[in-house]
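Visitor: My questions all concern the structure below.
Values quoted throughout were computed directly from the atomic coordinates according to the rules given, and no laboratory measurement underlies them. Bear in mind that the values here come from a model prediction, so they are computed numbers and not experimental data. Quick reminder, even Gly has a Cβ in these numbers, built from the backbone with ideal geometry, and neighbours come from all protein chains shown.
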Amino acid sequence: MISETKKQVLDLFAKGRKAYKLMDFPEALRYFEQALEVDPSDGPSQVYKERCQEFIKDPPPEDWDGVYVMKTK
């Protein structure tokens, strides 16, 4: 059984992913940050938070297919 906390994190993460796919990175970032407020150890939300911060500074091309390409190792 999934805890209420985990359900809340999953819901926020799903909303963040939806905004992320629509290239609404500021909105997605808000959802991922909210998920991390509920569970600071949520790895996927942390990863997407960092990606959103990168894309806000340096947006992907208009024809972006949602694939993240690492620029550093």
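Visitor: Mind checking which of Glu54, Glu37, Glu62 has the largest fluctuation in a GNM of the chain, springs on alpha carbons under 10 Å?
Guide: In this elastic network of the chain, the residue with the biggest mean-square fluctuation among Glu54, Glu37, Glu62 is Glu62.
Visitor: Sum -39500 (n - 2.57) across every DSSP H segment of at least 4 residues in the chain, then divide by the residue count to get the 222 nm mean residue ellipticity, nearest 500.
Guide: For the chain, the value works out to -21500 deg cm²/dmol.
Visitor: Same structure again: Rounded to whole Hz and in sequence order, give me ³J(HN,Hα) for the range 12-26 from the Karplus expression 6.51 cos²θ - 1.76 cosθ + 1.60, θ = phi - 60°, writing x for Gly and Pro.
Guide: These are the phi-based 3J(HN,Hα) values: 5, 4, 4, 5, x, 5, 4, 5, 4, 5, 7, 6, 9, 5, x Hz.
Visitor: Now for a separate question. What distance in nm separates the simple spin-label points at Ser41 and Tyr68, each placed 7 Å from Cα in the Cβ direction?
Guide: It is 2.1 nm.
Visitor: If I build a Gaussian network model for the chain, linking alpha-carbon pairs within less than 10 angstrom, which residue out of Asp24, Asp58, Asp11 has the largest mean-square fluctuation?
Guide: Asp58
Visitor: Something else: Just to be sure I understand: with springs between alpha-carbon atoms less than 10 Å apart, which residue in Lys18, Lys49, Lys57 has the highest mean-square fluctuation in the Gaussian network model of the chain?
Guide: Lys57
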